[in-house]
Every structure is written in structure tokens, then in C-alpha cells.
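To start, the structure itself, in C-alpha cells.
The values are calculated or read from the model by the stated rules, or taken from the named source; none is laboratory data. In this text the structure is predicted, and so the values were computed from the model without any measurement. Glycine gets a Cβ as well: all are built from the backbone with ideal geometry, and neighbour counts include every protein chain shown. Side chains included, ligands, DNA and RNA excluded: accessible areas come from the protein's heavy atoms. Shrake-Rupley method; radii C 1.70, N 1.55, O 1.52, S 1.80 Å.
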Amino acid sequence: MKNYILFSLILLMSYGVNYAQSATSNIEVGDVFVIGEAHGNNYVHINFPNPSAIVKRGGMVNFNTLKGKNVEVTSLKEKKNGSLMATIKLVSKGSFFNSHKYVTVDINNAISTGELVVF
């Protein structure tokens, strides 16, 4: 009985890995995503600047205003470890926190954790 459960668990995980790879490999410049919820008020895979850098540039640090905002991919770069880094900007032509126009994101991990949602 344990072997059947272990086999089905491995089969499900391999299916999930294959699906995740095929779902995120179609990302191109110009794709639009929605910013999802942060885990513990902290985005792990979206590289927002430090709060002190935001304040120095005259911005207001409020992560609650980001949820639900549409963002567009402006450039893609593959790192040596195989992860896909993207530069994103707001579709509304505004700035993040009224201080930064662009931010970088590890797009595959951000989609898998729900920080970015496909629009």
C-alpha cells in the first residue's frame, strides 16, 4: 500500500514540474501580469528596493497598494543557474511607490508562489 501511495505522489510531482516548465516558458516581452498577495507583507521574488531607498527618492512605502496592479514585462534575461529574470513596469505608466519606474523579478518563482498572476 505504501508503494502505491509513494508512486502516485512521485507521479503527481513530476506532472506538476512538467506543467510548471511548460506554463512559464511562454513568457515574452510585453506580457501583462497582475501583482498578487505578498507572504507576510514581503515579496520574495519581486525585487522591490529597500524602504530607505524609496523614502530617499520621495516615495511612500505601502505594499498594500501593489496588490491587483497590472505590470508589463519590458525585458527578459536568463541567468547562469537557469532562472529567468524579468524587468517589469506598471501598465498605468506610474511608478512603484512613486519612486521607481522599473523593478526586477524572478518570474518563474514569482508565478509559482502567486506573487505574479497571469492576466
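Okay, here's what the table says:
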quantity: Any hit, segment 28-41, residues being assigned to a loop (DSSP other than H, G, I, E, B), surrounded by 10 or more Cβ atoms within 10 Å (Cβ to Cβ) and modelled with pLDDT under 85; calculated: yes
quantity: Hey, Val55 at pLDDT 95 or above and either within 19 Å of Gly36 (Cβ to Cβ) or in a helix (DSSP H, G or I) (or both) or not; calculated: no
quantity: Number of the condition not met by Tyr4 [criteria: (1) aromatic (Phe, Trp, Tyr); (2) at pLDDT below 90; (3) open to solvent by less than 50 Å² (accessible area, probe 1.4 Å)]; calculated: (3)
quantity: Search result, residues across segment 64-84 that are open to solvent by less than 40 Å² (accessible area, probe 1.4 Å) and outside any loop (DSSP other than H, G, I, E, B); calculated: Val71, Val73, Leu84
quantity: Cross-chain or 6+ apart pairs with Cβ under 9 Å, segment 77-94 first and in contact (Cβ under 8 Å) with a residue 40 or more places away in the chain, then assigned to a loop (DSSP other than H, G, I, E, B) and of a type in the set (A, V, I, L, M, F, W, C); calculated: Leu84/Ile27; Ala86/Ile27; Ala86/Val29
quantity: Residue count for segment 90-110, restricted to those that are open to solvent by less than 40 Å² (accessible area, probe 1.4 Å) and either part of a helix (DSSP H, G or I) or not hydrophobic (A, V, I, L, M, F, W, C) (or both); calculated: 6
quantity: Which numbered condition Met85 misses (of (1) at pLDDT 90 or above; (2) over 14 Å from the mean Cα position of the chain (by Cα); (3) within 27 Å of Asn26 (Cα to Cα)); calculated: (2)
